[in-house]
1. Pull up the range 221-235, narrow it to residues that are of a type in the set (Asp, Glu) and over 19 Å from the mean Cα position of the chain (by Cα), then point me to the one that is least open to solvent (accessible area, probe 1.4 Å).
2. Report, ordered by the first and then the second residue, all pairs with beta carbons closer than 6 Å, sequence separation of six or more or different chains, a first member in the range 249-265 that is free of Cβ contacts under 8 Å to residues at least 60 places away in the same chain, and a second member that is basic (Lys, Arg).
3. What pairs come out if I take residues in the range 283-301 that are among the hydroxyl-bearing types (Ser, Thr, Tyr) and pair them with residues that are open to solvent by 60 Å² or more (accessible area, probe 1.4 Å) and not in a helix (DSSP H, G or I) whose C-beta lies under 6 Å away, six or more apart or interchain?
4. Given (1) of a type outside the set (S, T, N, Q); (2) modelled with pLDDT of 95 or more; (3) surrounded by 17 or more Cβ atoms within 10 Å (Cβ to Cβ); (4) over 15 Å from the mean Cα position of the chain (by Cα), where does Ala218 come up short, assuming only one miss?
5. Mind listing just one residue for me: the one in the range 324-348 that is farther than 17 Å from Ser308 by Cα and either out of contact with any strand residue (DSSP E or B) (no Cβ under 6 Å at 6 or more places or on another chain) or at pLDDT below 95 (or both) and, of those, surrounded by the most Cβ atoms within 10 Å (Cβ to Cβ)?
6. Could you grab me the full set of residues in the range 141-165 that are surrounded by fewer than 21 Cβ atoms within 10 Å (Cβ to Cβ) and either under 21 Å from the mean Cα position of the chain (by Cα) or assigned to a strand (DSSP E or B) (or both)?
7. Does Lys242 satisfy the condition of being modelled with pLDDT of 95 or more, open to solvent by less than 50 Å² (accessible area, probe 1.4 Å) and closer than 25 Å to Leu96 by Cα?
8. Can you name the strands (runs of 3 or more DSSP E) wholly within the range 242-307 that have at least 2 residues being within 22 Å of the chain's Cα centre (by Cα) and closer than 27 Å to Ser135 by Cβ?
Amino acid sequence: MHGKIRIEHNLNRKTKPGLEEALGFGRYFTDHMFMMDYEEGSGWQDPRIVPYGPISHDPAAMVFHYGQAVFEGLKAFRTEKDEIVLFRPDQNAKRLNRSCDRLQMPQMDEEFVVDAIRTLVRLDADWVPRKKGSSLYIRPFVIATEAGLGVRASSRYSFVIIMSPVGAYYEEGLQPINILVESHYARAVRGGTGNVKTAGNYAATLKAQALAKEYNCAQVLWLDAIEKMYIEEAGSMNVFFKINGEVVTPSLSGSILEGITRNSIIHLLKEWGIPVSERKISIHDIVEAFENGTLEEAFGTGTAAVVSPIGSLLWNGTLMSINQGNIGELVARLYDTITGIQYGRIEDSNSWMISC
């Protein structure tokens, strides 16, 4: 049983960043956070909203040693009618449970998770920015809190939700990025944890990302861990290619995260009658399409950027410029459509938006 959400109001409200300040990503945090605890035999209990602040755990808390930590990311938007809405939060709740299941962590009632998010957003509604392109980023996470050094699943957990006002990912409009095709390090492997949002997945990407910056690339294009041939993700984004009029994206093989933006884009493409397929794509397929002139567009998708155009790929010392490094027509249409739905400028015919 979760119980009714108890609310402890923060009497010492923070000074909010001004409109002239660059919000960035994850620099500021709202006045409150949600918390709930799990204990084996008792289940999830004591759901509460409390003033944002440090949380205290035993140095032997198992999250620090064995990595039982999963998280989600979604956003609240202020529409042009001054309504506050969420983009497909039910899908984040479902994926959070899939991540918990993979790491042998307790499940949560998905409707309650969405309700907790909505309750927290309503309480800190004045933190949802009004500046064009900005939003309130929401980070739910679950960590193992039992003190113990045996390698096993914890018997205690904490579920926490924190929120941060964030600016537009591209403050000056969409900007194509350069990507290094990574041929040494691997992000994930089938049977591992690549298809869920667990903290260790992201720590494992940092080395390759640092190397990419040495080549003036913003991100890494990950190949499969076994054959180092098949494309998986672009940084922490799902990736799409438009080749000879067809949009293709790597199929969900077990090592690729099932992105909510990815799912939304596939749905829109089908609605628009644009050929789209999910299948294995090798880096050699991309090189061939580049060489014969059929590689028209490429882009990553995710919560932070929505759609991120790829301007070039660096593979084995060869720079492949895509669409002369410009934003493609399809990328622009997808970005404008999804952000238009999120901010209430375009009709939400798929009922993706939920009011707070």
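The values are calculated or read from the model by the stated rules, or taken from the named source; none is laboratory data. Source: prediction; values computed, not measured. Please note: Cβ atoms are built from the backbone with ideal geometry, for glycine as well, and neighbour counts cover all protein chains shown. Only protein heavy atoms, including side chains, enter the accessible area calculation; ligands, DNA and RNA are left aside. Shrake-Rupley method; radii C 1.70, N 1.55, O 1.52, S 1.80 Å.
1. Taking the candidates together, the pick is Asp224.
2. Sorted first by the residue in the range 249-265, then by its partner, the pairs are Ser251/Arg279.
3. Partner pairs satisfying both residue conditions: Thr294/Asn244.
4. In the conditions (1) of a type outside the set (S, T, N, Q); (2) modelled with pLDDT of 95 or more; (3) surrounded by 17 or more Cβ atoms within 10 Å (Cβ to Cβ); (4) over 15 Å from the mean Cα position of the chain (by Cα), Ala218 misses (2) alone.
5. So the first thing to find is which residues in the range 324-348 are farther than 17 Å from Ser308 by Cα, and the list is 341, 343-348.
Next cut, either out of contact with any strand residue (DSSP E or B) (no Cβ under 6 Å at 6 or more places or on another chain) or at pLDDT below 95 (or both) only: 341, 344-348.
On the way: Ile341: 22, Gly344: 17, Arg345: 12, Ile346: 13, Glu347: 8, Asp348: 14.
Restricting to residues being farther than 17 Å from Ser308 by Cα and either out of contact with any strand residue (DSSP E or B) (no Cβ under 6 Å at 6 or more places or on another chain) or at pLDDT below 95 (or both), the top hit is Ile341.
6. Those that are surrounded by fewer than 21 Cβ atoms within 10 Å (Cβ to Cβ) and either under 21 Å from the mean Cα position of the chain (by Cα) or assigned to a strand (DSSP E or B) (or both): Phe141, Ala147, Arg156, Ser158, Val160, Ile162, Ser164.
7. On the way: modelled with pLDDT of 95 or more: yes; open to solvent by less than 50 Å² (accessible area, probe 1.4 Å): yes; closer than 25 Å to Leu96 by Cα: no.
No: the conditions fail for Lys242.
8. Details: elements: 246-249, 276-278, 295-302.
By residue number, 246-249, 295-302.
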